[in-house]
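Peer 1: The structure under discussion is supplied below as structure tokens; questions concerning it will follow.
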Amino acid sequence: DSGVTQTPKHLITATGQRVTLRCSPRSGDLSVYWYQQSLDQGLQFLIHYYNGEERAKGNILERFSAQQFPDLHSELNLSSLELGDSALYFCASSRARGSYEQYFGPGTRLTVT
Amino acid sequence: QKEVEQDPGPLSVPEGAIVSLNCTYSNSAFQYFMWYRQYSRKGPELLMYTYSSGNKEDGRFTAQVDKSSKYISLFIRDSQPSDSATYLCATSTSGTYKYIFGTGTRLKVLA
């Protein structure tokens, strides 16, 4: 158990809908990273927050947004969902601002029908 | 062309074998190199990371980086069935906080 929690574990929704994925980092970790993992694209870095501020953006679509709250938990919002958004979404956390030692949560499996 | 290329496998080896997992990358600015292990239905877990070129050893695992050929390797000695997982290589440049992952190599160690 990495200490990173993600909810929900599974999510099934329809095209065009909006969903929110939640992540709680390990105790004491200030950085949160979001990743998308699909069979054809592998693990794709989406966005990184440190202590409430956005620090880096990867291949994140404009339909997706994220934020990190004062209690350091983070939410990833996915809107106008398409079939291709079906994937595993992972959150990771680290102590430092940009650390290669990231601890991953168990993931949220999103299915868009 | 993807920035990090990795053979998806699967790679099947007998228990006790030495396993070699490899990635190539295209961006010479990459300086940090990581290997993650991912069991089925779980999140990735960091195995090792190295900075720039050279070798790093941790128990049965050795990570090797050759920046001249843009090639990174992970060696597993005395492989065990519990090593059966998908192995992901990842890279990053200093200060960007962006991480590029390979698609992963699926390893099966047969008892």
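Bear in mind these aren't lab numbers, they're just calculated from the coordinates by the rules spelled out. Quantities reported herein were computed from a predicted structural model and do not represent experimental measurements. Glycine also receives a Cβ, built like all others from the backbone with ideal geometry; neighbour counts cover every protein chain displayed.
Peer 1: Mind listing which chymotrypsin sites (Phe, Trp or Tyr not before Pro) in the stretch B:1-62 are in a DSSP loop and have 14 or fewer other Cβ atoms within 10 Å? Display every interim value, and only then the final one.
Peer 2: Working: sites: B:Y25, B:F30, B:Y32, B:F33, B:W35, B:Y36, B:Y39, B:Y49, B:Y51, B:F61; in loops: B:F30, B:Y39.
Of the chymotrypsin sites (Phe, Trp or Tyr not before Pro), the ones in loops of the stretch B:1-62 whose Cβ has at most 14 other Cβ atoms within 10 Å are B:Y39.
Peer 1: Find the relative contact order for chain B and round it to a whole percent, using C-alpha pairs within less than 8 Å whose residues are 6+ positions apart.
Peer 2: For chain B, the relative contact order is 38 percent.
Peer 1: Largest first, please: the extent of the C-alpha atoms of the stretch A:1-112 along each principal axis, to the nearest Å.
Peer 2: Dimensions of the stretch A:1-112 along the principal axes of its Cα atoms: 37, 28, 25 Å.
Peer 1: Post the alpha-carbon centroid distance, the stretch A:20-84 to the stretch B:59-111, in whole angstrom.
Peer 2: So the separation of the two Cα centres works out to 24 Å.
Peer 1: Determine the shielding of peptide A:43-56 by partner chains: average, over its residues, the number of Cβ atoms on other chains within 10 angstrom of each Cβ. Please report the intermediate quantities before stating the final value.
Peer 2: Working: counts 13, 3, 7, 0, 2, 4, 0, 1, 0, 0, 0, 0, 3, 6.
Neighbouring Cβ atoms belonging to other protein chains average 3 per residue here.
Peer 1: So what does log10 I(q)/I(0) come out to for chain B at q = 0.20, 0.21 Å⁻¹, using the Debye formula with one equal point on every Cα and no solvent?
Peer 2: Taking Cα atoms of chain B as identical point scatterers yields -1.03, -1.12.
Peer 1: Between B:S52 and A:E101, take the C-beta separation as r, use R0 = 22 Å, and let me know the FRET efficiency to the nearest 0.05.
Peer 2: Working: r = 17 Å, r/R0 = 0.77.
Efficiency at R0 = 22 Å is approximately 0.80.
Peer 1: Let me have the relative contact order for the stretch A:41-113, percent, based on Cα pairs under 8 Å that are six or more residues apart. Could you put the intermediate results ahead of the total?
Peer 2: Details: 99 pairs, mean separation 15.7, N = 73.
Here the relative contact order equals 22 percent.
Peer 1: To check my understanding: the extent here is largest minus smallest coordinate of the Cα atoms along each principal axis. What are those three numbers for the protein assembly as shown, in Å, largest first?
Peer 2: That works out to 48, 36, 36 Å along the principal axes.
Peer 1: Next question, about the same structure. Less than 17 Å apart at the alpha-carbon level, and either on another chain or at least 8 residues along: which lysines does that give for A:K9?
Peer 2: Hits, sequence-local ones excluded: B:K42.
Peer 1: Right, here's the next one. Where in the stretch A:1-29 is the amide nitrogen less than 19 Å from a point lying 7 Å along the Cα-to-Cβ axis of A:E54?
Peer 2: What the label zone holds, given the 19 Å backbone N cut-off, is A:19-23.
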